[in-house]
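Asks: First the structure, which I've put down as structure tokens, then a few questions once you've had a look.
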Amino acid sequence: MPVRYIGAAIVFLSCGGFGFLKAAHFRREERLLAELIRLLEQMQSELEFRLTPLPMICEHAAQEAAGSLKAVFSALAAELEAQVAPDASACMQAALKRVADLPENLQKALTMLGNSLGRFDLQGQMNELCAVREFCASHYGRMQENRDARLRSYQSLGLCVGAGLAILFL
Amino acid sequence: MKCAWKELLAILPLRLRADVDKYGKDTMQELRLRLGRPPEIVTDRGSRWLPVEVTAQDLSFVVQTASKYSPWAASTVAKGYITAAGGHRIGMCGDVVMKDGSVAGIRTVTSLCIRVARDLPGIGARAAGISGNILIVGPPGSGKTTLLRDLIRQISDSGQAVTVIDEREELFPAGFMQGRRTDVLTGCGKTEGMEMALRTMGAGCIAVDEITAQEDCEALQRCCWCGVRLLATAHAGSIRDLRCRSIYKPLWDNEIFGNILILRQDKTWYTERMMVCR
């Protein structure tokens with residue numbers, strides 16, 4: 001009998017935990033996107049006023065960022081400094097391979113960024129950075145719509161499914 | 001002799017680095033990469049061809065790495081060259097993009113000429129003893145920049161403050177000794193640079209590499225009339241060549257340069273005076 005209860009509790013907690021984990025992933029993606037938008041703004045300013053070379057811009061971004069984005073920009077700066085890859089896009093691909101567990105949309109934005117870097121003159125590069133920033137901003141905007149309701153539903157759905165399964169189990 | 005060799009190798013495609021290092025480390029003056037043809041290592045003794053074919057990816061790699069993947073930081077692309085780390089100048093040929101009547105960039109690069117920057121401390125010692133303004137002339141590859149670099153260093157160490165307008169960032173790349181009283185202004189045009197040095201740096205001597213435009217000559221005149229000593233280089237095979245180029249006329253007419261050092265292709269030089277035939 002107690003084994004059943006323990007099993008039901010595990011099922012309930014697992015489902016509930018999954019819901020909370022999903023909500024945590026949502027918050028993390030949201031935070032990373034906001035950070036990337038801020039970094040892109042800084043990169044634009046660096047480019048516009050100082051014409052800073054790409055490896056230095058990436059180093060600055062790495063210093064400004066935290067967590068996964070810090071790792072991505074550090075790896076990108078290192079790849080650019082190593083002068084082994086044929087272009088900045090290949091450097092970004094190598095950097096993304098080094099950093100696991102990035103949300104899909106963030107990976108997409110960073111790949112877009114990598115494909116645009118180092119291919120154009122100043123104005124072209126500014127336009128490309130702007131396009132990546134808009135992509136991030138629109139996704140961030142979509143995430144903000146019904147944000148609280150969505151977070152609540154992830155958590156409560158997890159708990160409800162867990163409770164349902166636990167009842168069936170019992 | 002000093003040379004930023006590691007920096008040079010770093011901009012070359014990986015498959016060429018070992019061969020270039022093996023055959024060109026001490027003697028290479030130029031490396032020429034032409035699309036679909038073997039790379040040519042040019043030394044003072046002749047050429048050596050490497051047994052591979054240059055691809056478009058190789059050329060793109062050199063341009064990307066030399067500009068640190070940052071075309072906006074290498075604004076000289078529109079002028080047909082990039083200066084890589086270590087002061088190595090990379091001349092480019094290819095499919096040029098024109099915008100509003102002037103060159104905006106190079107769409108497809110088909111040839112590159114990588115000129116190795118070498119520092120030879122001491123070669124300017126004899127020239128440093130010459131007083132007054134000095135113009136160094138010589139054909140391409142005769143060593144004008146190398147001589148100017150050491151001349152600046154010698155004059156600077158002997159007690160005169162020298163402001164260098166290093167538009168192409170070739171004269172004093174990182175790692176090259178500048179001299180105790182040398183101030184270097186990089187990245188700006190010669191005309192603007194000379195005005196800035198004159199107004200803000202209290203320069204006793206101003207040095208510029210490769211005068212190529214009328215405006216440069218006019219700026220040199222203005223500096224000279226302000227009592228500043230001038231050091232400069234110009235492309236010309238002889239005094240006669242120099243006289244034939246109309247942009248240098250104001251320099252002749254006003255006898256701006258008292259001394260002209262003429263470099264020969266074998267890197268030796270002799271002095272002539274600049275005088276107006278009246």
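Asks: Just going by the charge dipole of the protein assembly as shown, with Lys and Arg at +1 and Asp and Glu at -1 on Cβ, which of A:94, A:137, B:205 is farthest out on the positive end?
Replies: A:94
Asks: Where a ≥ b ≥ c are the square roots of the eigenvalues of the C-alpha gyration tensor, would you call segment B:8-49 rounded, which needs a/c under 1.5, or, failing that, prolate if a/b is larger than b/c, or oblate?
Replies: oblate
Asks: Okay, moving on. Give me the distance in nm between label points sitting 7 Å out from Cα along the Cα-to-Cβ direction at residue A:170 and residue B:188, one decimal.
Replies: Modelled inter-label distance: 8.0 nm.
Asks: Still on this model: Over the Cα atoms of segment B:87-232, compute the convex hull volume and normalise it per residue, giving Å³.
Replies: 125 Å³
Asks: Any idea which of B:219, B:187, B:147 is furthest toward the positive side of the dipole for segment B:131-222, if Lys and Arg beta-carbons carry +1 and Asp and Glu beta-carbons -1?
Replies: B:147
Asks: DSSP loop (so not H, G, I, E, B), at most 13 other Cβ within 10 Å: list which chymotrypsin sites (Phe, Trp or Tyr not before Pro) in segment B:36-123 pass both filters.
Replies: Taking segment B:36-123 and a limit of 13 other Cβ atoms within 10 Å, no loop chymotrypsin sites (Phe, Trp or Tyr not before Pro) are found.
Asks: For chain B, what is the calculated [θ] at 222 nm in deg cm²/dmol (nearest 500), taking -39500 (n - 2.57) for each run of four or more DSSP H residues and dividing by its residue count?
Replies: Helices in chain B give a 222 nm mean residue ellipticity of -8000 deg cm²/dmol.
Asks: Separate question: If you place +1 on the Cβ of every Lys and Arg, -1 on the Cβ of every Asp and Glu, and leave all else neutral, what size is the dipole of the protein assembly as shown about its Cα centre, to the nearest 20 Debye?
Replies: 600 debye
Asks: How large is the translational diffusion coefficient of the protein assembly as shown in µm² per second when you combine the Kirkwood radius over alpha carbon pairs with Stokes-Einstein at 20 °C and 1.002 mPa s?
Replies: D = 83 µm²/s.
Asks: While we're on this one: Provide, for q = 0.13, 0.22 Å⁻¹, the log10 of I(q)/I(0) from a solvent-free Debye sum over equal Cα point scatterers in segment B:1-97.
Replies: -0.43, -1.26
Asks: Still on this model: Gaussian network model of chain A, Cα springs within a sub-10 Å range: biggest mean-square fluctuation belongs to which of A:149, A:94, A:137?
Replies: The residue that fluctuates most here is A:149.
Asks: How compact is segment B:155-195 by the rule of thumb for globular proteins, expressed as Cα Rg over 2.2 N^0.38 Å?
Replies: Normalised by 2.2 N^0.38 Å, the Cα Rg of segment B:155-195 equals 1.15.
Asks: Still on this model: Please report the antiparallel percentage of DSSP beta bridges with both residues in segment B:124-278, rounded to the nearest 5.
Replies: 20 percent
Asks: GNM on chain A, C-alpha springs below 10 Å: top fluctuator among A:26, A:49, A:73?
Replies: With Cα springs under 10 Å in chain A, the top fluctuation among A:26, A:49, A:73 is at A:49.
Asks: Taking amide H positions as placed in the peptide plane 1.01 Å from N, state which residues far from residue B:235 in sequence (5 or more) or on other chains have amide H under 5 Å from it.
Replies: Hits under the 5 Å cutoff: B:211.
Asks: Tell me the net charge near residue B:238. Cut-off is 12 Å between Cβ atoms, residue B:238 excluded, with +1 for each Lys or Arg and -1 for each Asp or Glu.
Replies: +2
Asks: Considering only C-alpha atoms, what is the centroid distance from segment A:64-100 to segment B:1-45, in Å?
Replies: 28 Å
Asks: Run the dipole for chain B about the Cα centre, Lys and Arg Cβ at +1, Asp and Glu Cβ at -1, nothing else charged, and hand back the magnitude in debye, nearest 20.
Replies: It works out to roughly 460 debye.
Asks: Where nothing but the Cβ of Lys and Arg (+1) and of Asp and Glu (-1) is charged, how large is the charge dipole of segment B:62-212 around its Cα centre, in debye to the nearest 20?
Replies: Using only the charged Cβ atoms, the result is roughly 220 debye.
Asks: Here is a further query. Only bridges with both residues in the protein assembly as shown count here: give the DSSP antiparallel percent, nearest 5.
Replies: Given both bridge residues lie in the protein assembly as shown, the antiparallel proportion sits at roughly 60 percent.
Asks: Could you work out the percent of alpha carbon pairs in segment B:47-168 separated by over 17 Å, rounded to a whole number?
Replies: Beyond 17 Å sits 66 percent of the P(r) for segment B:47-168.
Asks: Something else: Loop only per DSSP, at most 14 neighbouring Cβ atoms within 10 Å: give me the GluC sites (Glu not before Pro) in segment B:216-278, ordered by residue number.
Replies: Passing sites in segment B:216-278 are B:255.
Asks: Which log10 I(q)/I(0) values does chain A give at q = 0.09, 0.16 Å⁻¹ under the Debye formula, counting every alpha carbon as one identical point scatterer?
Replies: Reported log10 I(q)/I(0), two decimals: -0.42, -0.88.
Asks: Count neighbours as other Cβ atoms within 10 Å of each site's Cβ, and list the GluC sites (Glu not before Pro) in segment B:124-206 that are DSSP loop with at most 11 such neighbours.
Replies: Passing sites in segment B:124-206 do not exist.
Asks: Calculate the translational D of segment B:133-185 in whole µm² s⁻¹ from Stokes-Einstein, where the hydrodynamic radius comes from the Kirkwood formula applied to all Cα pairs, the temperature is 37 °C and the viscosity 0.692 mPa s.
Replies: Rounded, D is 285 µm²/s.
Asks: Averaged over A:80-92, how many beta carbons belonging to a partner chain fall within 10 Å of each residue's beta carbon?
Replies: What the average comes to for A:80-92 is 4.
Asks: How large is the Rg to Rh ratio of chain B when both quantities use alpha carbon positions and Rh follows Kirkwood?
Replies: Result: Rg/Rh = 0.97.
Asks: Moving on to the next point. Assuming R0 = 60 Å, can you tell me the calculated FRET efficiency for the pair residue B:78 and residue A:148, based on Cβ-Cβ distance, to the nearest 0.05?
Replies: The pair residue B:78/residue A:148 has a calculated efficiency of 0.70.
Asks: Over chain B, what is the percentage of antiparallel beta bridges among all DSSP beta bridges, to the nearest 5?
Replies: 60 percent
Asks: Still on this structure, please answer the following. Give the average, rounded to an integer, of partner chain Cβ atoms located within 10 angstrom of each Cβ in B:62-69.
Replies: Counting other chains' Cβ atoms within 10 Å and averaging over B:62-69 gives 6.
Rule-based calculations on the coordinates, nothing more; no lab input. All of these numbers come straight from a predicted model, not from anything done at the bench. Cβ coordinates were reconstructed from backbone atoms using ideal geometry, including for glycine residues, and neighbour counts include every protein chain displayed.
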